[in-house]
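The values are calculated or read from the model by the stated rules, or taken from the named source; none is laboratory data. This structure is a prediction, so every number in the text was calculated from the model and none was measured. Quick reminder, even Gly has a Cβ in these numbers, built from the backbone with ideal geometry, and neighbours come from all protein chains shown. SASA here: full protein model, heavy atoms, side chains in, ligands and nucleic acids out. Shrake-Rupley method; radii C 1.70, N 1.55, O 1.52, S 1.80 Å.
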Amino acid sequence: MFYLCVSIIIPNPMEKETIYILAIESSCDDTSAAILCNNKVISNVVATQKVHEEYGGVVPELASRAHQQNIVPVVHQALMKANIDKNQLSAIAFTRGPGLMGSLLVGTSFAKSLALGLNIPLIEVNHMQAHILAHFIKDEKMQIPNFPFLAMTISGGHTQIVKVNDFFNMNVLGQTLDDAVGEAYDKSGKILGLPYPAGPLVDKYAQTGDPKSFKFPKPKVGNLNFSFSGLKTSILYFIQKETQKNSNFIDEHLHDICASIQYTIVEILMDKLKKAVNQTGIKQIAIGGGVSANSGIRQALKNGEKKYGWTTYIPKFEYCTDNAAMIGIVGYYKFKNNMFSTQDISAKARYTI
Ligand code: KG4
Ligand code: ZN
């Protein structure tokens, strides 16, 4: 028997002028790699897996296989685009969780191996923290929120309201008890015959429909938690009932149905956000996740600025959807705080903030 002895040299951040982080994201169906120079993104490559489209949702086994195929070319491209050599890297940050286990394992194993090979530190990142800290990516055109602020992460996998006290001090105030908001969009769209992911299409048709045409029930969930599975079921029953009477019902009313779904979802999110502001007294609100692209939510937040004196922050679209740049910004702040991981770390499918 022999023991493999690995010594990792932890650089003193104070001695380094420039920190180069390679970040890797593989929690769901996007394989992404980014290079950050301090808090600035110099490359951010995302390979979106098209293989799931025909199944109407992410198939975990196919996702992990596609990550295996994509990871090397995606990392290679991120380095090429950033025009740096792997030997210049200061550390490797990777998504440890939450997410699909098979997908997480690909990024985790790759990051661990490369960090070991290059003899540089490894930094584990919580994907949900990354969605929130994406607001700290340096960009001349974007405003950065001050602590404390409220963050609402809304995507195909998550729906949370978080009180952000500091970079690594966050409290989850509420979250979904079943489906995520993006799932509610995608599953409702699927009922209407729209392709996956249906969220952007529901949003598009909603913009030219009447939001008061049809009424869908809002869930009665306590505190700041959410539930979206009941909405999906009520839309299904409604469509089944109407198409029995008129087989062209969807085609004839698509825009009005989408507008009514969007109206209900936005109301559900805004009701909880208002409640969170009242409970905490914090009026700075940052959003993140793919559903942040939604026109109804953006409009409702702008209205909140005028109506309730909120200050709202919406990151650039490329940092809203799953991407490695947001993993890199967490990596950068962890590097500055000497928050490194050891080689015995493993992926964590359920990983709370
Ligand atoms: O953050 P993301 O890329 O991946 C996850 O972590 O899930 O979010 C993808 C989700 C999908 O459910 C998609 O339908 C939804 O974001 N989405 C939208 C819009 N753009 C993307 N939902 C509603 N309106 C949009 N404009
Ligand atoms: Zn995400």
Hey, does segment 150-169 have a residue that's farther than 19 Å from VAL45 by Cα, among the acidic types (Asp, Glu) and free of Cβ contacts under 8 Å to residues at least 12 places away in the same chain?
-> no
ILE282, sole failed condition from (1) surrounded by fewer than 21 Cβ atoms within 10 Å (Cβ to Cβ); (2) out of contact with any Pro (no Cβ under 6 Å at 6 or more places or on another chain); (3) over 28 Å from ASN44 (Cα atoms) = (2)
Within segment 177-189, of all residues that are open to solvent by less than 30 Å² (accessible area, probe 1.4 Å) and touching a Ser or Thr at 6+ places or on another chain (Cβ under 7 Å), the one nearest to ligand 1 (Cβ to nearest atom) is GLY182
With the condition kept exactly as written, say whether any residue in segment 302-321 is in contact with a Phe, Trp or Tyr (Cβ under 7 Å, 6 or more places away or on another chain), in a helix (DSSP H, G or I) and open to solvent by 60 Å² or more (accessible area, probe 1.4 Å).
-> no
Quick check: anything in segment 338-353 part of a helix (DSSP H, G or I) and buried (at least 17 other Cβ atoms within 10 Å of the Cβ)?
-> no
Grab the strands (runs of 3 or more DSSP E) fully contained in segment 102-182, keeping just those with 1 or more residues being within 19 Å of the chain's Cα centre (by Cα) and within 13 Å of ligand 2 (Cβ to nearest atom).
-> 122-126, 149-154, 159-166
Take ASN70 and decide whether it is in contact with a strand residue (DSSP E or B) (Cβ under 6 Å, 6 or more places away or on another chain) and at pLDDT 85 or above.
-> yes
Evaluate the following for GLU183: is it under 21 Å from VAL266 (Cβ atoms) and acidic (Asp, Glu)?
-> yes
Filtering segment 275-301 for residues that are basic (Lys, Arg) and assigned to a helix (DSSP H, G or I) leaves a count of 2
Out of LYS204, LYS232, LYS241, LYS272, which single residue is part of a helix (DSSP H, G or I), in contact with a strand residue (DSSP E or B) (Cβ under 7 Å, 6 or more places away or on another chain) and basic (Lys, Arg)?
-> LYS272
Right, ILE268: surrounded by 22 or more Cβ atoms within 10 Å (Cβ to Cβ), within 15 Å of ligand 1 (Cβ to nearest atom) and either acidic (Asp, Glu) or farther than 26 Å from ASP166 by Cβ (or both) or not?
-> no
Within segment 120-137, identify whether any single residue is among the charged types (D, E, K, R) and surrounded by fewer than 20 Cβ atoms within 10 Å (Cβ to Cβ), and answer yes or no.
-> no
Say whether the condition of being in contact with a Ser or Thr (Cβ under 7 Å, 6 or more places away or on another chain), modelled with pLDDT of 95 or more and more than 15 Å from ligand 1 (Cβ to nearest atom) is met by at least one residue in segment 126-148.
-> no
Residue check, VAL221 against (1) open to solvent by less than 40 Å² (accessible area, probe 1.4 Å); (2) outside any loop (DSSP other than H, G, I, E, B), all met but one. Which one?
-> (2)
Are there any pairs with C-beta distances below 9 angstrom linking a residue in segment 186-198 that is under 20 Å from GLU252 (Cβ atoms) and without any contact (Cβ under 8 Å) to a residue 12 or more places away in the chain to a residue that is open to solvent by 20 Å² or more (accessible area, probe 1.4 Å) and more than 8 Å from ligand 1 (Cβ to nearest atom), with the two at least 6 apart or on different chains, and if so which?
-> LEU194/LEU201; LEU194/TYR205; LEU194/LEU254
Flag for ILE250 being away from ligand 1 (no atom under 16 Å from the Cβ), touching a residue at least 24 places away in the same chain (Cβ under 8 Å) and not in a helix (DSSP H, G or I) = no
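Here's the yes/no breakdown for (1) touching a Leu at 6+ places or on another chain (Cβ under 7 Å); (2) surrounded by fewer than 18 Cβ atoms within 10 Å (Cβ to Cβ); (3) under 19 Å from ASN278 (Cα atoms):
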residue: ASN171; (1), (2), (3): no, yes, yes
residue: GLN175; (1), (2), (3): no, no, yes
residue: LEU192; (1), (2), (3): yes, no, no
residue: LYS212; (1), (2), (3): no, yes, no
